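Comments concern the structure below.
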Amino acid sequence: MSSPEQTPHRSGFVALVGRPNAGKTTLTNALVGEKVGIVSNRPQTTRHAIRGVVHKPEGQIVLVDTPGLHKPKSLLGKRLNDVVRDTLSDVDVVVFCVPADQPVGTGDKFIARQLREIRAPIVVVVTKTDAANKQQVAEQLMAASQLVEAAEVVPVSAVKGDQVELLENLLIKLLPEGPPLYPEEQTTDEDVERQLAELVREAALEKVFQEVPHSLAVTIEEINRRPDRDLVEIHALLHVERNSQKPMLLGKGGSIIKAIGSEARVGMETLLGARVHLDLHVTVLGEWQDDPKKLNRLGY
Ligand SMILES: Nc1nc2c(ncn2[C@@H]2O[C@H](COP(=O)(O)OP(=O)(O)OP(=O)(O)O)[C@@H](O)[C@H]2O)c(=O)[nH]1
Ligand SMILES: [Mg+2]
């Protein structure tokens, strides 16, 4: 039995929303204290709702990182927005991320409109404060607080770790009383195969340009565990939309795909705690972003 002066344990779901590139996943990873989602400076890096769990003695926060909400240009874009809307319909708190280093614009106002019907309390987080000066941050706090009726407005730098713990405590206070929803050791419910595919996509996003980041999807075709040799063999496919994108991903003499493989392998070895042999192939899946069957096949 708990004594009356003991604060009750709280738990619940917190959705992170914001325009593409606002820093939602970086903040999710910082709050969880572990990499649960991939990050890049290309918009629309996140393509599904990712749960990350924050465990504290006072409560448990189940974060739901979402794709950047935007004006869709493809069926993929529409589906990504649907992921956000589905998530929003069923959470206890919404964190609306607004980057400090860019003016509040139509993208943020578009999101603010979507949030009008949401009953959950909204915490506006001004992200990337390390990338702006003090005056910019102060102005952004003002501008952001005018976007929605917010329960709190908090400036945070996920990269520097500034104000992350404060945000954590504030989110717990907004959650309902309840027992932990996930066991202590669990920080995400992402399955390993998807995490492996995402590591390849993350490594690739850094190294490709123009329209290739948008056109890229990754699937894992095979995972062979070789316990006798402490080795995991992984075969992944990188799907692009057009023939012309293939050489952009391969690079001269295969230099780019090689670099993608080396980088992804490091992340995979950390994730699996074993040596990894990674085999990458590039294939063309024509205009998959607008094809429902192909989107389904890719898991979107
Ligand atoms: N300087 C700085 N950069 C940050 C911070 N948080 C995120 N970034 C950078 O901003 C870019 C986008 O970060 P993400 O976390 O992928 O953004 P996102 O909102 O999840 O993007 P989508 O998934 O595409 O919607 C990356 O290059 C990050 O390194 C921060 O606190 N400070
Ligand atoms: Mg993201």
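Things to note:
- Flag for Asp101 being under 20 Å from Arg116 (Cβ atoms), of a type outside the set (Val, Ile, Thr) and either within 15 Å of ligand 1 (Cβ to nearest atom) or touching a residue at least 24 places away in the same chain (Cβ under 8 Å) (or both): no
- Of everything in region 106-122 that is touching a residue at least 60 places away in the same chain (Cβ under 8 Å) and more than 14 Å from Arg85 (Cβ to Cβ), the residue that is surrounded by the most Cβ atoms within 10 Å (Cβ to Cβ) is Asp108.
- Evaluation of Thr25 against (1) within 30 Å of Ala138 (Cβ to Cβ); (2) within 16 Å of ligand 2 (Cβ to nearest atom); (3) in a strand (DSSP E or B) (one fails), failing number: (3)
- Glu241 satisfies every condition listed in (1) open to solvent by 40 Å² or more (accessible area, probe 1.4 Å); (2) at pLDDT 95 or above except (1).
- Here Val218 meets each of (1) open to solvent by less than 20 Å² (accessible area, probe 1.4 Å); (2) touching a residue at least 24 places away in the same chain (Cβ under 8 Å) with one exception, condition (2).
- Exactly one residue out of Ala264, Ala236 is among the hydrophobic types (A, V, I, L, M, F, W, C), open to solvent by less than 60 Å² (accessible area, probe 1.4 Å), touching a residue at least 60 places away in the same chain (Cβ under 8 Å) and not assigned by TED's automatic domain parsing to the domain that holds Pro43: that is Ala264.
- Being in a helix (DSSP H, G or I), over 30 Å from Asp290 (Cα atoms) and open to solvent by 40 Å² or more (accessible area, probe 1.4 Å) is not true of Asn224.
- Of Pro179, Pro213, all but one fail to be touching a residue at least 60 places away in the same chain (Cβ under 8 Å), part of a helix (DSSP H, G or I) and out of contact with any Phe, Trp or Tyr (no Cβ under 8 Å at 6 or more places or on another chain); the exception is Pro213.
- Once region 12-22 is narrowed to residues that are touching a Leu at 6+ places or on another chain (Cβ under 9 Å) and open to solvent by 10 Å² or more (accessible area, probe 1.4 Å), the residue that is nearest to ligand 2 (Cβ to nearest atom) is Pro20.
The values are calculated or read from the model by the stated rules, or taken from the named source; none is laboratory data. Because the structure is a prediction, the values reported are computed rather than measured. Because the Cβ atoms are built from the backbone with ideal geometry, glycine has one as well, and the counts that use them run over all protein chains shown. Ligands, DNA and RNA are stripped out before the accessible areas are found, and what is left, the full protein with its side chains, is counted by its heavy atoms. Shrake-Rupley method; radii C 1.70, N 1.55, O 1.52, S 1.80 Å.
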